[in-house]
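Notes to accompany the following structure.
The values are calculated or read from the model by the stated rules, or taken from the named source; none is laboratory data. Predicted, not measured: the structure shown is a model, and the values here were computed from it. In this analysis, Cβ positions are derived from the backbone assuming ideal geometry, glycine residues included, and neighbour counts consider all displayed protein chains.
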Amino acid sequence: MTATQTQLSEAERIARDVFTRLGAAADEFEAYRHAHAERIAKLADELAQLFGLGRADRASLRLAALGHDLGEAAMRRDYIRRAGPLTEEERLDMMRHPVIGEQEAARAGADRGAQLLVRWHHEWWNGTGYPDALRGQQIPLAARLLRLTDAYAALTDARPWRAALAEADARRHLSEWAGLEFDPQVVRAFLTLRDLPELRSYALLEREPARAPEAAAPVSAQHDDVPVFGAVPEAGENPHVLSQQDEPTLAKAEEQS
């Protein structure tokens, strides 16, 4: 190993340690009962390997996964941990957190690639995400990996407003939202992952059984997945609800892709 490689590895280790601590602090503020940021970092890295991302890109993705919600922690809003729907004003305020997170990641020493992944981790495949309403291939692949793994980890852990979903229900949710929120190819790759501890749902550890995806608040949507285009949902409205005839499926998404 060259001196440059050794120096880079040491710098990456220091950055990883810093962002591991920051991610744990953000998890605590968001009232996650289990390590959320580290879980996403592991799942995102597994996906990155499937897609052949290079070493530097994987390092940026790991940092972004650990620090993806630094913006929420910096905002310190009480509603983030509240059990219940957000008001319209709160939703609009929440949509600021990826940009604030980008700034916090920069202050903490993240490389520019990681900063941008934090900014774009709520962009949707169909262009209705935020803050920049990127669409499809405009969204860097690593950001698409981060969007999906953040969603899966949130779904399978308990939140103040809902119980954790079972692994099968969370996987079904990803398939149903392929082509809308998620890149269908990323969904397909994720569904091939098996035998990873980070894939296991915490639903069995909860006292209340997980609800079916139709009844639960999908992804982290009830608090932070509000589409940036179109009318902001009314207070308490679930932005993911579609009419039954428009219910998304992986097959439909593949036809449209």
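Screening the candidates Ala31, Ala35 for the property of being of a type in the set (A, V, I, L, M), assigned to a loop (DSSP other than H, G, I, E, B), over 16 Å from Pro140 (Cα atoms) and touching a strand residue (DSSP E or B) at 6+ places or on another chain (Cβ under 9 Å) yields one hit, Ala31. Using the structure shown, decide if Ala64 is more than 27 Å from Leu141 (Cα to Cα), in contact with a helix residue (DSSP H, G or I) (Cβ under 7 Å, 6 or more places away or on another chain) and aliphatic (A, V, I, L, M). Answer is no for this residue.
Counted as qualifying within segment 150-257 are the helices (runs of 4 or more DSSP H) with 3 or more residues that are buried (at least 16 other Cβ atoms within 10 Å of the Cβ) and at pLDDT 90 or above, namely 167-176, 184-190.
With respect to (1) basic (Lys, Arg); (2) surrounded by 19 or more Cβ atoms within 10 Å (Cβ to Cβ); (3) free of Cβ contacts under 8 Å to residues at least 24 places away in the same chain; (4) farther than 29 Å from Ala11 by Cβ, the lone exception for Arg119 is condition (4).
Conditions tested, residue by residue: (1) closer than 18 Å to Ala154 by Cβ; (2) exposed (fewer than 15 other Cβ atoms within 10 Å of the Cβ).
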position: Ala35; (1), (2): yes, no
position: Gln49; (1), (2): no, yes
position: Ile80; (1), (2): yes, no
position: Pro98; (1), (2): yes, no
position: Ala114; (1), (2): no, no
